[in-house]
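First comes the structure, then the notes that go with it.
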Amino acid sequence: MNVTITTVIRILCVDPHPVVCAGLVHLSRDEKGIEFVGSATRVEDALTLLDASRPDLVLMDPELLGSDGFALCRRIKAAKPDVRVVLYTAGTGAAGVALQARVAGADGIIDKATPMDALFPTLRAIGRGETALPPLNPAELEAAAHRVEPADLALLAMLADRTPPGDVADTLRMDRRGLARRIERMLPRLRGMRPHAA
């Protein structure tokens, strides 16, 4: 007798528009291996649910109301490195998004226009440890190098290359908290690369 064991990926949805999460929950009902375990519209609620629902993956819009979703992504990855974070946005092609995602530690970027028959397989793949990040535009990386402090150029290069945080900390001879603070200071400097940023 053949027994198929399906790994279930537990997903926390974080989006400023509740209808987005509700729609995904509804559309995922017949999807094997996908279980939505909570939804949040605010950073504070997302962090509370992160502990309460123990997701394997956080699917989040980086344009959270009144906050910076890239900073939330960084906080999640710093607190729970094993949790996968996928940025679910309508602006995947906007300048600097791919670089900001890498600096924040995201494991993937998915456009909200992606059809459901492509979305769920991509979430499964990322949940299994794969990544779904677009290639970096060299011109954007060069522009970013002019926005960060000179002392952070090596840090920017390693994060852009997805060097594991432990290796980054060891290379720069920093503790994890110091590294997290430097990344948090760097992210706002990169935010200005988006055309619609204030």
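Obtain the radius of gyration and the Kirkwood radius of segment 75-198 from its C-alpha atoms and give Rg over Rh. Numbers along the way, then the final one.
Working: Rg = 14.6 Å, Rh = 15.1 Å.
Using Cα coordinates only, the ratio equals 0.97.
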### Task
Give the angle, between 0 and 90 degrees and rounded to the nearest 10, that separates the Cα long axis of helix 69-79 from the longest principal axis of the Cα atoms of the chain.
80 degrees
### Task
Would you grab the residues whose amide H sits under 5 Å from the one on Ile110? Only those 5+ places off in sequence or on another chain, please, with H modelled 1.01 Å from N.
Leu87, Tyr88, Thr89
## Note on the structure
Expected sort for Asp152, Asp167 with the fewest Cβ neighbours (10 Å cutoff) up front is Asp167, Asp152
#### Entry: Table column - 3J(HN,Hα) (Hz), segment 38-55, Karplus curve with 6.51, -1.76, 1.60, x for Gly and Pro
x, 9, 8, 10, 10, 4, 4, 5, 4, 5, 5, 5, 4, 7, 6, 9, 6, x
### Query
Cα-based Rg (one decimal) and Dmax (whole number) for segment 138-191, in Å?
10.7, 31
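Percent of Cα-Cα pairs more than 22 Å apart in segment 54-136, please.
Values: 541 of 3403 pairs.
Value for segment 54-136 (Cα pairs over 22 Å): 16 percent.
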### Summary
For segment 1-159 the translational diffusion coefficient, Stokes-Einstein from a Kirkwood Rh over Cα pairs at 37 °C and viscosity 0.692 mPa s, in µm²/s, is roughly 202 µm²/s
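Rule-based calculations on the coordinates, nothing more; no lab input. A quick note: this is a predicted structure, and the numbers were derived from the prediction, not measured. So basically every Cβ, Gly included, is an ideal-geometry build from the backbone, and we count neighbours across all protein chains shown.
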